[in-house]
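Quick notes on the structure that follows.
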Amino acid sequence: MKTTIKHKEDWAALVLRVVIAGVMFPHGAQKLLGWYGGYGYGGTMQFFTGTMGLPAVIAFLVIVGESFGSLAMLLGFMTRFTAASFIAIMLGAIGLVHGQAGFFMNWFGNQKGEGFEYHLLVIGISAALMILGGGKWSVDRVVARRLERLPIFSGKLAYQEGK
């Protein structure tokens, strides 16, 4: 548990958090709100469950993971958990859709589908954040500091007889 809450005052983690949040937010907003040319929650659920055949719970978790996860990542709240969820989402996207299109994005419209290079970048950034934690200016760091004051996390537990 101590390892999970441990965070450093790291500028690199802050930069990675802001970048990944900025990249993931529009994807989540497309799926949840219909922004940026997306289909919104209903359309995305229909596509994921009907066309792609995903279980509704998985479709829901992808939508929530991308939309609320990007906001949590921006704040540095539950950074390691959110990073792990981004990795799971991207591995699913590669395995179910983008892996068959090859590596490269479809910049010139001459291939069938989009490749998975973007997904690998999200996985790499997320893996780094799982290692680093939230870093500077993160909610995780504030929580970690407060938890470190508790006897159970500081290693200062003392058994007192009769109490």
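Annotation note: Cβ proximity below 8 Å between a residue of the range 71-87 that is free of Cβ contacts under 8 Å to residues at least 12 places away in the same chain and a residue that is hydroxyl-bearing (Ser, Thr, Tyr) and crowded, with 19+ Cβ neighbours inside 10 Å (sequence gap 6+ or interchain) occurs for ALA72/THR79; ALA72/THR82. With respect to (1) closer than 22 Å to LEU54 by Cα; (2) crowded, with 18+ Cβ neighbours inside 10 Å; (3) under 19 Å from the mean Cα position of the chain (by Cα), the lone exception for GLY115 is condition (3). Within the range 36-52, can one find any residue that is touching a helix residue (DSSP H, G or I) at 6+ places or on another chain (Cβ under 7 Å), surrounded by fewer than 20 Cβ atoms within 10 Å (Cβ to Cβ) and closer than 30 Å to LYS136 by Cβ? Taking every residue of the range 36-52 in turn, at least one turns out to be touching a helix residue (DSSP H, G or I) at 6+ places or on another chain (Cβ under 7 Å), surrounded by fewer than 20 Cβ atoms within 10 Å (Cβ to Cβ) and closer than 30 Å to LYS136 by Cβ. Which residues, taken from the range 24-35, are among the hydrophobic types (A, V, I, L, M, F, W, C) and surrounded by 17 or more Cβ atoms within 10 Å (Cβ to Cβ)? Listed by number, the residues that qualify are MET24, PHE25, ALA29, LEU32.
Take the range 93-141 and flag every residue that is touching a Ser or Thr at 6+ places or on another chain (Cβ under 7 Å) and of a type in the set (A, V, I, L, M). Give the steps one after another, and end with the answer.
Filtering the range 93-141 down to residues touching a Ser or Thr at 6+ places or on another chain (Cβ under 7 Å) leaves 129, 133-134, 138, 140.
Across the range 93-141, the qualifying residue is only LEU129.
From the list GLY135, GLY99, the one residue that fits, being on the phi > 0 side of the Ramachandran plot and at pLDDT below 95, is GLY135. Do the conditions hold for ALA12, that is, is it under 12 Å from the mean Cα position of the chain (by Cα), part of a helix (DSSP H, G or I) and within 30 Å of LYS136 (Cα to Cα)? Against the criterion (under 12 Å from the mean Cα position of the chain (by Cα), part of a helix (DSSP H, G or I) and within 30 Å of LYS136 (Cα to Cα)), ALA12 does not qualify. Among the residues of this structure, GLY69 counts as one that is in contact with a Ser or Thr (Cβ under 8 Å, 6 or more places away or on another chain) and in a helix (DSSP H, G or I).
The values are calculated or read from the model by the stated rules, or taken from the named source; none is laboratory data. Nothing here was measured: the structure is a model prediction, and the numbers come from that model. Don't worry about glycine lacking a Cβ; one is built from the backbone with ideal geometry, like all the others, and counts go over all protein chains shown.
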